[in-house]
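Below: one structure, written as structure tokens.
The values are calculated or read from the model by the stated rules, or taken from the named source; none is laboratory data. Bear in mind the structure is a predicted one, so any value in this text is a computation, not a measurement. FYI the Cβ positions are ideal-geometry reconstructions off the backbone, even for glycines, and counts take in every protein chain you see. These area figures cover heavy atoms from the full protein model, side chains too; ligands, DNA and RNA do not enter into them. Shrake-Rupley method; radii C 1.70, N 1.55, O 1.52, S 1.80 Å.
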Amino acid sequence: MYANFAGCSKFNGKVNWLKMSWWQNGVIYQVYPRSFFDSNDDGMGDLSGVTEKLPYLKKLGVDAIWLSPFYPSPLHDGGYDVANPRDVAPELGGLQSFDQLSKKAKECNIKIIVDLVPNHFSKEHPWFKQALLSEPNSDARRLFHFRDGKGNAGQFPPNNWISLFGGPAWTRVVEADGKPGQWYLHIFDASQPDLNWSNSQIRSDFKETINFWLNRGVSGFRIDVAVGLIKDMSYQDDPEPQLRVDAMRLDLYDPENPQRSDEIRKWAKDSPLFDRDEVHQIYQEWRELFKDRSDDVFAVAEAWAYPVERAMAYAKSLGQVFNFDFMIVPFKSATLSQTINQLIAAANEYQTFPTWVLSNHDVSRIVTRLGGGELGRAKARAMATLTHFLPGSIYVYQGEELGLPDANIAPELRLDPIWEKSGHTQIGRDGCRAPIPWNSKLPNRGFSKASKTWLPSPADWVVEDVPTQEADPSSTLWLYRKLINLRKSHQLWQVPIDQVSASVNGHLLVVWRAQLGVCLVNTGDQPIAFEMPCPMQVLVQSNQLKVEMDEKAISVPGNTAIILEKVSTKT
Ligand code: NOJ
Ligand code: CA
């Protein structure tokens, strides 16, 4: 399928150049605002904190920041329970702070992406409060999914659907007369009532929200739970409710056992709750709103869909879809090769560009996932080096560039509803959300001077703070800067994507890019020799280990990635 990579002759095949916008090859940095930097020492990160750290982000070289929700929220799900989508939480600085950030970011040539949460509102949103005060079947209730319960007294949920956070997806309300009444649907926490997208008022309200942020200068949106908006409104029981939920759980997939993963993922198909065809009509309308502004406005879908063409449909309707495969792939050459080839082939087929994600606010940080400690960090650095060599866009989660592991948050300080809802069987996502260690010599590692912060920076967290890394050219921070810079200086994204291919040689992953060079990743512990088909030079190495190299061959140390550039292609 892929033409002639290994050769050093000039590539003469058909080149699949696609018209590119910045977001198709950009480096987008995810900020989780409440944990980024606290500018007024009240214990919670805020938007002025992001503004203060813009020079740091500019030096890192990112094209854009994606801000996880900063909206007013009772914080039952880290801000993904939005009480007003057209405002900024007062404790995060209000709209004025957003406008200031937007202005300063523009001066730094950094674009802003905001998180849009269309599947649900917070129970604190005025529309839900109104719905609770209103009669069954009223217009106010029709904005959500209110139903009568089953049983003589309506005492059982309307059906057997399950919440992704555990327990029933329905909660019963107390009616105005003080008696237990109808039930409402929530596929996440009970504090996050699902919206009824068959209601035109919801559709126009979200268009208003989109325009509101576009008018404030944002360049795009990250669409939360993009698969979830349309439900089967016959509300029939699902024969396999638990399997539907499992199909959405990334941690259950096993990339080394595709058959088992397929078994789990197949339940994402024909679900009453997820990935229903009609959802794309909503997104096509949004895309028109974006295009009215410019081709440079886009959205990226958080979409768990199966099989791959169903996931790619979101890229088609919104612009981009996250590929989360790198967040679960083991550090093994064969599995990496397979994953890269699949993603590149899918992007090719659907005329889009891939996205690469190593970490986000919902999963264990990559250093921890790959085993933790120095070895986990070495592997994570090799993964980062590989990722930046690939075409498409890259999402970097705050602190990833510092090689942070997860923090161990004491049980009594955990905030993620998953911890409680799972009956303390799932630790939840607080560990990857601990505040950024700006300076270990200061209280709360320089995140805030408050005596108590919303999530702690635990004393036993083994991290290297920013000044330490600044001073050390071998640090992870320097590596990320170098990699991001290299993407620009060597146009690492600018490649016909049908000219990328991965193969393996034992523990050595070999990723060729026609015309440019190769990335070698040794996923084993022992050095492996690689014969170079033409003269090459090292562009970047994921660590400082000594490398043996002559004109013909290079020996790649264990747990190391090296990008080699063809010397002949250098101008
Ligand atoms: C996905 C978000 O990334 C996650 O943090 C959140 O809990 C759910 N959507 C619900 O909004
Ligand atoms: Ca603050």
Limited to the range 171-205, what total is found for residues that are surrounded by 19 or more Cβ atoms within 10 Å (Cβ to Cβ), away from ligand 1 (no atom under 16 Å from the Cβ) and in a loop (DSSP other than H, G, I, E, B)?
1
Go through (1) touching a helix residue (DSSP H, G or I) at 6+ places or on another chain (Cβ under 8 Å); (2) open to solvent by 20 Å² or more (accessible area, probe 1.4 Å) one by one and return the number of the condition GLU52 breaks.
(1)
Does the range 81-133 hold any residues that are open to solvent by 10 Å² or more (accessible area, probe 1.4 Å) and aromatic (Phe, Trp, Tyr), and which are they?
TRP127
Against the conditions (1) modelled with pLDDT under 95; (2) within 16 Å of ligand 1 (Cβ to nearest atom), where does GLN24 fall short? Just the number, please.
(2)
Does the range 276-309 hold any residues that are among the acidic types (Asp, Glu), modelled with pLDDT of 95 or more and under 20 Å from the mean Cα position of the chain (by Cα), and which are they?
GLU302
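Going by what's in this entry, would SER234 be described as within 30 Å of LYS111 (Cα to Cα), hydroxyl-bearing (Ser, Thr, Tyr) and open to solvent by 50 Å² or more (accessible area, probe 1.4 Å)? Before you say what the answer is, go through the steps one by one.
Working: within 30 Å of LYS111 (Cα to Cα): no; hydroxyl-bearing (Ser, Thr, Tyr): yes; open to solvent by 50 Å² or more (accessible area, probe 1.4 Å): yes.
No; evaluated as a whole, the condition is false for this residue.
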Select from the range 420-465 the residues that are of a type in the set (Asp, Glu), within 16 Å of ligand 1 (Cβ to nearest atom) and either under 14 Å from GLY43 (Cβ atoms) or in contact (Cβ under 8 Å) with a residue 12 or more places away in the chain (or both) and list them in ascending order.
ASP430
Can you tell me how many residues within the range 366-386 are closer than 23 Å to ASN25 by Cα and in contact with a helix residue (DSSP H, G or I) (Cβ under 7 Å, 6 or more places away or on another chain)?
6
Please work out which residue is nearest to PRO405 (Cα to Cα), limiting yourself to the range 476-496 and to residues that are more than 22 Å from the chain's Cα centre (by Cα) and surrounded by 19 or more Cβ atoms within 10 Å (Cβ to Cβ).
LEU486
So which residues in the range 329-375 are open to solvent by less than 10 Å² (accessible area, probe 1.4 Å), among the β-branched types (Val, Ile, Thr) and within 16 Å of ligand 1 (Cβ to nearest atom), if there are any at all?
THR355, VAL357
(1) in contact with a helix residue (DSSP H, G or I) (Cβ under 9 Å, 6 or more places away or on another chain); (2) basic (Lys, Arg); (3) over 29 Å from SER102 (Cα atoms); (4) modelled with pLDDT of 95 or more: which one isn't true of ARG249, the others all being true?
(4)
Which numbered condition HIS76 fails, given (1) more than 25 Å from SER393 (Cβ to Cβ); (2) open to solvent by 30 Å² or more (accessible area, probe 1.4 Å); (3) within 16 Å of ligand 2 (Cβ to nearest atom)
(3)
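Evaluate the range 216-237: report whether one residue or more is away from ligand 2 (no atom under 16 Å from the Cβ), touching a Phe, Trp or Tyr at 6+ places or on another chain (Cβ under 7 Å) and free of Cβ contacts under 8 Å to residues at least 40 places away in the same chain.
First, pick out the residues of the range 216-237 that are away from ligand 2 (no atom under 16 Å from the Cβ): 216-237.
Subsequent filtering for residues that are touching a Phe, Trp or Tyr at 6+ places or on another chain (Cβ under 7 Å) retains 216, 220, 222, 224, 226-230.
Applying the additional criterion that residues be free of Cβ contacts under 8 Å to residues at least 40 places away in the same chain yields none.
Within the range 216-237, none of the residues are away from ligand 2 (no atom under 16 Å from the Cβ), touching a Phe, Trp or Tyr at 6+ places or on another chain (Cβ under 7 Å) and free of Cβ contacts under 8 Å to residues at least 40 places away in the same chain.
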